[in-house]
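The values are calculated or read from the model by the stated rules, or taken from the named source; none is laboratory data. None of these values were measured; they are calculated from a predicted model. Ideal geometry is used to build each Cβ from the backbone, glycine not excepted, and the neighbour counts take in all protein chains shown.
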Amino acid sequence: MKKTTKFAVGILIGIGVLALALLFVNNLLESKIKKSIEDNLKKASATYENVDVKLLSRRAEVTNPSFVIKGKTLQVDKILLNDIQLWDYITNKEIIIGELDISEPVIKIYNLKNEKKDLTSTKKKNSKFKNKLLIKNVSIQGGSFQIFEKDSLEHRLYTKIRDVKMQQVRVNSKTLKETVPFNYDLILLNADSIFYDLDPRHELSAADFVIDNNQVLIKKFRISPKYSKAGHQKTTSVEKDRYELSIDSISLDSFNWSMQDDSLKVQNSLTRITGANFDIYRDKLQPDDTSIKPLYSKMIRKMPILIQLDSVVVENSYIRYEERIHADRKSGVVDFSNLNAQISNITNVGLDRKEFPKTVLKADANFMKRAPLKVTMEFDVSDKSDRFHITGNMGRLAAEQMNRFMKPAMNVEAKGEILDMYFNFYGNNTQGSGDMKLEYKDFKVEVLRKDGERKNKIISALANLIVKNKAVNKKANYKEISFTRDKTKSFWNYLWNLLKNGALKSFL
């Protein structure tokens, strides 16, 4: 046999032996990887239909896996691992996966009784994880996330997932000790049909919820009452406000969250709320809620999460407050239209700082759709005495506009107009004081009978003898006001009483 022929035959035999060896190694590694995946699924108490590993194409697939762990279930159509980089695992024990695709996950969480966590066993499990896992791209398509109250069939939270994408997802022994057991560089989350059972009387929803890296956009945000105005108070033994809120869009420009000392910390530099419409209804015929009502500074200070919102902007919004005082009359109504506001430094982070930033609110609106109103308020969240400063001024307002509230609420009908009002109040959790100036023209009052319609001519005549029915700038002096707060009432009741006392001093 010629040398060239022998050499060619040797090459072919070598290739054949190498092919057989690669095939053997491939089958061996495939079976090991498959067994490893199956063992890990069993450790996670998971069931599955099939595990398929293709080493030559560097991919693995798990069909119909299902996980059940202490009130939490996860069902998935398919989990697909692509571009498994074996050399890094062989040489450095690093698991690097190019792509992880998850199809139609259905995540269900049942709020069962709190079980004590075995921290020792958790640490032992984490200490056994010696590898480093890097997934370059994670993609989740479709599915839903659901939270149930105990074993109820009613959702506490439901959201339909369109898609989720993450990049550079890293898992190691250190991240496994954290509340969120992985780190990531980029995330895109697109969800719709969000529903949340807010409280026994209200539910929350949103049409679209998108997180694109650190930018968040929420569209058609809603807080809706579960009951009619008539049925609302049947759910509680004391008066409780009925809320109806709709917001066209909420955007956050640099949203970030983390865990700090076992507390959730939320941060954002600019939050924009556009097209809010807020209706508040209160039935004063019900017994008072005598619980202590904290002022806004304390409410922020005592929040269960850490929050740092540098700037909040409210645009083109509307607030309507309706109060039912008498069973046989219409409700009293006040409203604020074309509302725009800027709020800075809503935070409870670092309360022990020497120079804690003040929370400042600046707002303007049309009161009762007519009178231009500007308000500025500031307070220090870290100040436990809850001191605040609020100033404002209101332009021309006809008495007939005020009667929308005064007639049903105070059994008084007014004539004339307010030309200008200015107030400047300081207060804390206990006491408020300050000054107020009120200019009005041809102001008269008519006291109504019990039916709220017929005039009580005698009392009205006496009242108008007392009321100074004309006032001009040079006679509209500042009036000193003081008021002791009823802590079972809200901040707005506090402010209303300061304004009412100032008005009475100006009229009489």
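What to note about this one:
- Subset tally (residues that are within 19 Å of the chain's Cα centre (by Cα) and more than 21 Å from Asp364 (Cβ to Cβ)) for the stretch 277-309: 12
- Of the criteria (1) surrounded by 17 or more Cβ atoms within 10 Å (Cβ to Cβ); (2) free of Cβ contacts under 8 Å to residues at least 40 places away in the same chain; (3) not basic (Lys, Arg), which one Asp352 fails: (1)
- All conditions but one from (1) in contact with a Phe, Trp or Tyr (Cβ under 9 Å, 6 or more places away or on another chain); (2) closer than 22 Å to Lys265 by Cβ; (3) at pLDDT below 85 apply to Asn172; the one that does not is (2).
- Filtered residues of the stretch 329-339 (kept if in contact with an Asp or Glu (Cβ under 8 Å, 6 or more places away or on another chain) and either buried (at least 17 other Cβ atoms within 10 Å of the Cβ) or not in a strand (DSSP E or B) (or both)): Ser331, Gly332, Leu339
- Any hit, the stretch 244-260, residues being of a type in the set (D, E, K, R), surrounded by 18 or more Cβ atoms within 10 Å (Cβ to Cβ) and over 30 Å from Leu188 (Cα atoms): no
- Test result for Leu448, at pLDDT below 90 and crowded, with 17+ Cβ neighbours inside 10 Å: yes
- Looking only at the stretch 410-428, and only at residues there that are crowded, with 20+ Cβ neighbours inside 10 Å and more than 30 Å from Asp352 (Cα to Cα), the one that is modelled with the highest pLDDT: Phe423
- Yes/no for Asp192 being surrounded by 15 or more Cβ atoms within 10 Å (Cβ to Cβ) and touching a strand residue (DSSP E or B) at 6+ places or on another chain (Cβ under 8 Å): yes
- The criterion of at least 1 residues that are under 22 Å from Asp283 (Cα atoms) and of a type outside the set (Ser, Thr, Tyr) is met, among strands (runs of 3 or more DSSP E) falling completely within the stretch 181-273, by 186-199, 202-212, 215-225, 242-252.
- Exactly one residue out of Ala365, Ala371 is over 23 Å from Lys444 (Cβ atoms), outside the structural domain of Ser490 (by TED's automatic domain parsing), aliphatic (A, V, I, L, M) and surrounded by 16 or more Cβ atoms within 10 Å (Cβ to Cβ), and it is Ala365.
- Meets criteria (more than 24 Å from Leu306 (Cα to Cα), assigned by TED's automatic domain parsing to the domain that holds Gly143 and of a type in the set (D, E, K, R)) for Asp192: yes
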